[in-house]
Amino acid sequence: MSTVRRPDHRSAHRPARAAHANGLRHVLTHLITPLLMCIGMGLAYLGAFAHPAPHHLPVAVVGSGRSAQLLAQSINDKAGGDLEVRTVGDRAAAVDRLTHQDIFGAYVIPAKGAKGASDAVDASGSEGAPGRAGRSGEAGAPSGSGGSSTSRTSSGSAGRDGVGGAARPGKPVPELLVATAGSDTSATVVQKVFTPMAAQQGAPLKVTDVAPTAEDDPTGQGVFFLLVAISIGSYASVAVIGGAGAVLALRLRTALAIGTSFVVGLIGTAFAGPVFHLVDRGLVGLWGMAWLYSAGVLLIGTGLHTFLKRWTTLGVMTLFVMLNFTSSGGIFRPEMQNGFFAALHSFWNGAGFVEGVRSHVYFAGYGLAGHVWTLVGWLVAGLVVIGVAASAEKRRRTAEAEAAAHAAAVAAAAVAATVPEPARSGRPAGGAGPGAGHGSAHAAAALEEEMEEELEEELEEAVAV
């Protein structure tokens, strides 16, 4: 009696299980990149923005004589390093310091009110140093990117800040000079420092903005979000040029990167000017800085793609998002951040762009040259990376050509060793007849075809490597 063998379902399912395992391994491997992005973004953004507090934030007391010096010293003592208070002789000198961004607020002591202001500091206790209050969530640095906008006029701010009391007619009131174009958040912090002093004198604090931002950008943070748009357009283009354009010569990829940066700069300028009116003047200079910034990002990313391949996206995000946006000064200036991001602000390209635009548009070009040189330095770094990548790709092409030549030589030697030499008498070797010679020819042709196929496979492997 014959037995019927049933098919082994386990053997049939093995290829499917192997395929699923390989697919799962492939997905898990590629999940490493977004998880690393999540970790990096959390560390960067929360490390830079989670606990803003002043660190030696420079402010000034306007006045001459011993009373102004005592007031400045009293504020310094109570601030404990959060503020760096100095004295300025007159109001004009304070305005000049603000427009040079040497200070971020100046408290003008009212006439015949210096003694009262000093007494207000003594009476206010810890209110004179809101840097510590900012750490506990009260009168310190505002969280987020909004904050409260500093008044552009010279109106009293008592109602808005909850400071009671009104000055009697003709009574001098204290004045606070700020420059919101330099940093709205810093101006808000300074205002919260000096408002309690005015309250102790029974007078509202008069706030004067000596460098206001454009009307459609009241917080001045539109420049930061412009940086975000230009950055995304730049490093996203790196993936296209480096990935889809990998078959192109590096020289052509470099030209594409420079051309793309030109277009990205134009788009950013259109957003800043006619579309959203973030700035009301200096659009040509803004485009120049946008092009320099974008070209640096694109050149560095295109060059890095030669070495990083699929890790290029993570690399450029680390450079131009995680470390770049957080140190740019667009939300909080370095005086409101920890030492790491404050140090990056001095030379990173995002800070060069944001501070350069502020200087060009709002502060009559003070410090502009240094910010432009920062952008130029990153552009030069991009050209250096491109040069290194060109050298590496040239060595790679040379190695591939040598491997292909070696494979061809091996194949030729194998063919020569397999095909027999014809007999000197003109007859096939071994005295075989014409039929044997014909068969040998067919065998030789078949062997040669087989060797050619092996050579093609070896060449493909060499090129792939």
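The values are calculated or read from the model by the stated rules, or taken from the named source; none is laboratory data. All values derive from a computational prediction rather than experimental measurement. Please note: Cβ atoms are built from the backbone with ideal geometry, for glycine as well, and neighbour counts cover all protein chains shown. With ligands, DNA and RNA removed, areas are computed over all heavy atoms of the protein, side chains included. Shrake-Rupley method; radii C 1.70, N 1.55, O 1.52, S 1.80 Å.
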Can you list residue pairs whose Cβ atoms sit under 9 Å apart, with the first residue in region 377-396 being within 14 Å of Thr306 (Cα to Cα) and in contact (Cβ under 8 Å) with a residue 40 or more places away in the chain and the second being open to solvent by 50 Å² or more (accessible area, probe 1.4 Å) and not acidic (Asp, Glu)? Count only pairs 6 or more apart in sequence or on different chains. Val388/Phe307; Ala389/Phe307; Ala390/Arg251; Ala392/Phe307; Glu393/Ala249
Give the residue, chosen from Asp209, Asp161, that is modelled with pLDDT of 85 or more and either buried (at least 20 other Cβ atoms within 10 Å of the Cβ) or under 30 Å from Gln337 (Cα atoms) (or both). Asp209
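Right, Gly220: buried (at least 22 other Cβ atoms within 10 Å of the Cβ), touching a residue at least 40 places away in the same chain (Cβ under 8 Å) and closer than 20 Å to Glu84 by Cα or not? Break it down stepwise before answering.
Values: buried (at least 22 other Cβ atoms within 10 Å of the Cβ): yes; touching a residue at least 40 places away in the same chain (Cβ under 8 Å): yes; closer than 20 Å to Glu84 by Cα: no.
Here the answer is no, as Gly220 does not meet what is asked.
Residues that are surrounded by fewer than 22 Cβ atoms within 10 Å (Cβ to Cβ): which helices (runs of 4 or more DSSP H) entirely in region 291-377 hold 2 or more of them?
Details: elements: 312-317, 324-327, 339-345, 349-362.
By residue number, 312-317, 339-345.
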Only residues in region 397-414 that are free of Cβ contacts under 8 Å to residues at least 60 places away in the same chain count as the first member; pair them with residues that are open to solvent by less than 50 Å² (accessible area, probe 1.4 Å), Cβ under 6 angstrom, at least 6 apart or cross-chain, and list the lot. Ala404/Ala462; Ala407/Ala462; Ala411/Met451; Ala411/Leu455; Ala414/Met451
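Can you name every residue in region 340-363 that is over 18 Å from the mean Cα position of the chain (by Cα) and among the small types (Gly, Ala, Ser)? Let's see the steps before the verdict.
First pass over region 340-363, keeping only residues over 18 Å from the mean Cα position of the chain (by Cα): 359-363.
Scanning region 340-363 gives a single hit, Ser359.
Somewhere in region 322-334, is a residue within 30 Å of Gly243 (Cα to Cα) and among the aliphatic types (A, V, I, L, M)? Step through it out loud before you land on a result.
At the first step, the residues of region 322-334 found to be within 30 Å of Gly243 (Cα to Cα) are 322-328.
Subset that is among the aliphatic types (A, V, I, L, M): 322-323.
The answer is yes; a qualifying residue exists.
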With Val264, Val284, Val275 as the choices, which residue is without any contact (Cβ under 8 Å) to a residue 40 or more places away in the chain, out of contact with any His (no Cβ under 9 Å at 6 or more places or on another chain) and surrounded by 24 or more Cβ atoms within 10 Å (Cβ to Cβ)? Val264
Search region 20-52 for residues being open to solvent by 30 Å² or more (accessible area, probe 1.4 Å) and of a type in the set (Ser, Thr, Tyr), and hand back the single one that is nearest to the chain's Cα centre (by Cα). Tyr45
Being open to solvent by less than 60 Å² (accessible area, probe 1.4 Å) and among the β-branched types (Val, Ile, Thr) is the filter here; which residues of region 394-418 pass it? Val415
Looking for whichever is modelled with pLDDT of 95 or more and in contact with a helix residue (DSSP H, G or I) (Cβ under 9 Å, 6 or more places away or on another chain) here; the options are Ala123, Ala106, Ala133. Which one fits? Ala106
If you check Ala272 against the conditions, is it in a helix (DSSP H, G or I), among the aliphatic types (A, V, I, L, M) and modelled with pLDDT of 95 or more? yes
Can you tell me how many residues in region 244-256 are open to solvent by less than 40 Å² (accessible area, probe 1.4 Å) and under 13 Å from Leu304 (Cα atoms)? 3
Under the condition of being farther than 22 Å from Val210 by Cβ and at pLDDT below 90, which residue from region 53-75 is surrounded by the most Cβ atoms within 10 Å (Cβ to Cβ)? Ser67
If Ala290 meets every condition in (1) in contact (Cβ under 8 Å) with a residue 24 or more places away in the chain; (2) under 21 Å from Ala389 (Cα atoms) apart from one, which number is that one? (2)
